[in-house]
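Working notes for the structure below.
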Amino acid sequence: MSVVRGKVALITGGESGIGLATARLFVAEGARVHLVGLDEARLAAAVEELGAANAFGSVADVTDEAAVREATRLGVDRYGRYDVVLSNAGTSGEVAKIVDYPADVFTRTLHVHVLGAFHVLKHAIPHVPDGGSIIITSSVVGLIGFGDLSAYVAAKHGQVGLMRSAAKELAGRRIRVNTLHPGPTSTTFQDDIEMRATRLDRETAAKTFDGIIPLGRHSTPEEIAQAALYLASDASAMVTSSTFAIDGGMSG
Ligand SMILES: NC(=O)c1ccc[n+]([C@@H]2O[C@H](COP(=O)([O-])OP(=O)(O)OC[C@H]3O[C@@H](n4cnc5c(N)ncnc54)[C@H](O)[C@@H]3O)[C@@H](O)[C@H]2O)c1
């Protein structure tokens, strides 16, 4: 018996990478998904792949509260509720020392991750039934420091504070709230960070990063999706306010 059969999941940043891998796994396991993201063409392609009976997409910038409110209204009109919320949209910001870091990019990066996740929780929570599950995709750098990525690292730590607050607020309704902490995971998002951080080509940069991961390799988006599946399911009914690392030991 599938652990998420019949559930409805909202996934932001659902049109690519970890979000799309999670949508694929959830749909394969019998869930329906509402994908929210920025890229209309990729959202449409994802819905076509997953099947219109199982998925639909909405364009919304998570930093825009009105857009998030409208997207959740559309999702609830369509599905009636969100058993699972995966707040996953993200951007990496600049790779620069703090003294050189542009303040506007710092602000935008915090807005996407922290304010964005806040908007998603604020407008989704009223539609999450008792016993639901909320997951925020943080990062290994939500648990440890990393140079030259101050906005991203601060934002990913900030998401942990939001998660812990929400977990306390929602425990009375048995709604669980947790953060996922992927280590370097093979997506274009991570390729881009690694190439900018090392100034090397994709393959050499990836090998350099493999060297700082105790298990010696990047995660796959599908491995992160399996962790999301666990947190989404009733198998994790006693897990809340936890920081779940899938990082090959990098944060240990
Ligand atoms: N890939 C990694 O190594 C890694 C590691 C740790 C954490 N993460 C986190 O995982 C999440 C997904 O990243 P990914 O690797 O799949 O990259 P990705 O670029 O494929 O996914 C990010 C998604 O977020 C969407 N997005 C960006 N800004 C948005 C906004 N303002 N509003 C709505 N949607 C927005 C993008 O359109 C995209 O679909 C991010 O939060 C990222 O920080 C990734």
### Query
Could you count how many residues in segment 156-188 are open to solvent by less than 70 Å² (accessible area, probe 1.4 Å) and either in a helix (DSSP H, G or I) or touching a Phe, Trp or Tyr at 6+ places or on another chain (Cβ under 8 Å) (or both)?
17
### Message
For segment 4-15, which positions are in contact with a helix residue (DSSP H, G or I) (Cβ under 6 Å, 6 or more places away or on another chain) and part of a loop (DSSP other than H, G, I, E, B)?
### Response
4, 13, 14, 15
### Summary
If we keep only residues of segment 46-72 that are in contact with a His (Cβ under 7 Å, 6 or more places away or on another chain) and part of a helix (DSSP H, G or I), then the residue nearest to the ligand (Cβ to nearest atom) is 68
### Query
Just wondering, is there one or more residues in segment 111-118 that are touching a Leu at 6+ places or on another chain (Cβ under 7 Å) and within 19 Å of residue 73 (Cα to Cα)?
yes
### Message
Would you confirm whether or not segment 142-153 contains a residue that is open to solvent by 10 Å² or more (accessible area, probe 1.4 Å), at pLDDT 95 or above and of a type in the set (Val, Ile, Thr)?
### Response
yes
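For segment 94-107, check the following and say yes or no: at least one residue is open to solvent by 10 Å² or more (accessible area, probe 1.4 Å) and within 16 Å of the chain's Cα centre (by Cα).
Within segment 94-107, not a single residue is open to solvent by 10 Å² or more (accessible area, probe 1.4 Å) and within 16 Å of the chain's Cα centre (by Cα).
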### Query
Of the residues that make up segment 168-176, is at least one more than 16 Å from the ligand (Cβ to nearest atom), within 19 Å of residue 230 (Cα to Cα), among the β-branched types (Val, Ile, Thr) and in contact with a strand residue (DSSP E or B) (Cβ under 7 Å, 6 or more places away or on another chain)?
yes
### Query
So is residue 209 open to solvent by 60 Å² or more (accessible area, probe 1.4 Å), within 12 Å of the ligand (Cβ to nearest atom), part of a helix (DSSP H, G or I) and in contact (Cβ under 8 Å) with a residue 24 or more places away in the chain or not?
no
### Message
Being open to solvent by 30 Å² or more (accessible area, probe 1.4 Å), among the small types (Gly, Ala, Ser) and either under 30 Å from residue 146 (Cα atoms) or in contact with a Cys (Cβ under 6 Å, 6 or more places away or on another chain) (or both) narrows it down to one residue among 90, 37, 80, 6; which is it?
### Response
90
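The values are calculated or read from the model by the stated rules, or taken from the named source; none is laboratory data. Bear in mind that the values here come from a model prediction, so they are computed numbers and not experimental data. Ideal geometry is used to build each Cβ from the backbone, glycine not excepted, and the neighbour counts take in all protein chains shown. Protein only, heavy atoms only, side chains kept; ligands, DNA and RNA dropped before computing areas. Shrake-Rupley method; radii C 1.70, N 1.55, O 1.52, S 1.80 Å.
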